[in-house]
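What follows is one structure encoded as structure tokens, with my remarks underneath.
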Amino acid sequence: MDWENFFDTIGFWYNVFVEWFLEQPIYGQVLAIIGLITLLALAITLVYYTIKGIAYLVYYIFKGVYYLLKGIGYGFYKLFEGFYFLISGKQKSSKQKVEHVHIQNNMTNNNLYILEYCSECGRKLSEKMKIHFEKNGMTFCENCGTHLTLNNALRTLTVSH
């Protein structure tokens, strides 16, 4: 491509545009400027969103490939872990440990088991509710209104643990 010829062509069309622009009345010139600014804004917006879309596309492709490789790696890990426990004969350790809770109820010493959490809503009981429970053997949850008694507490503890 001949750069000198290219710049001469651009210069020629620029001069044609300037001559046309100067021949227009003032409202035509204002409208032409507004039109050029509008076209420039549209072009910049189009370029911006095109680049942004390409960047999002590349990002989500890399993210998908990462999660795919992570899942495949985790699958191989679990497969080899299973083979290890199968070949070695060892038992896989469980994350959940079963605990037996023993509750002693000495009414003479007033050593009642005091609940920490409501059996219905799971929220922590306040000190006022604990004191009322220790004195009377029953209380109401301030959050959900459940009637909590010693028998219900013992039943909940034996079922959940």
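None of the figures in this text is laboratory data; all of them are computed from the coordinates on show. Please read these numbers as outputs of a predicted model, since none were measured by experiment. FYI the Cβ positions are ideal-geometry reconstructions off the backbone, even for glycines, and counts take in every protein chain you see.
What ³J(HN,Hα) values, in whole Hz, does the Karplus curve 6.51 cos²θ - 1.76 cosθ + 1.60 give for segment 64-78 when θ = phi - 60°, with x put for Gly and Pro?
Values, residue by residue: x, 5, 4, 5, 5, 5, 5, x, 5, x, 5, x, 5, 4, 5 Hz.
For K90, which lysines qualify as cross-link partners when the Cα separation must be under 17 Å and same-chain residues fewer than eight apart are set aside?
Partners found: K78.
How much length is gained on full extension from C121 to F12, taking 0.36 nm per residue of separation minus their Cα-Cα distance?
31.2 nm
Report the FRET efficiency, 1/(1 + (r/R0)^6), for Q29 and A55, where r is their Cβ-Cβ distance and R0 is 22 Å, rounded to 0.05.
That pair, Q29 with A55, gives E of 0.05.
What list of ³J(HN,Hα) values in whole Hz, one per residue of segment 26-32 in order, does the Karplus curve 6.51 cos²θ - 1.76 cosθ + 1.60 (θ = phi - 60°) give from phi, with Gly and Pro shown as x?
4, 5, x, 5, 5, 5, 5
What are the ³J(HN,Hα) couplings of segment 18-24, residue after residue, when phi is run through the Karplus curve with 6.51, -1.76, 1.60 and θ = phi - 60°? Round to Hz, x for glycine and proline.
5, 4, 4, 4, 6, 7, 6
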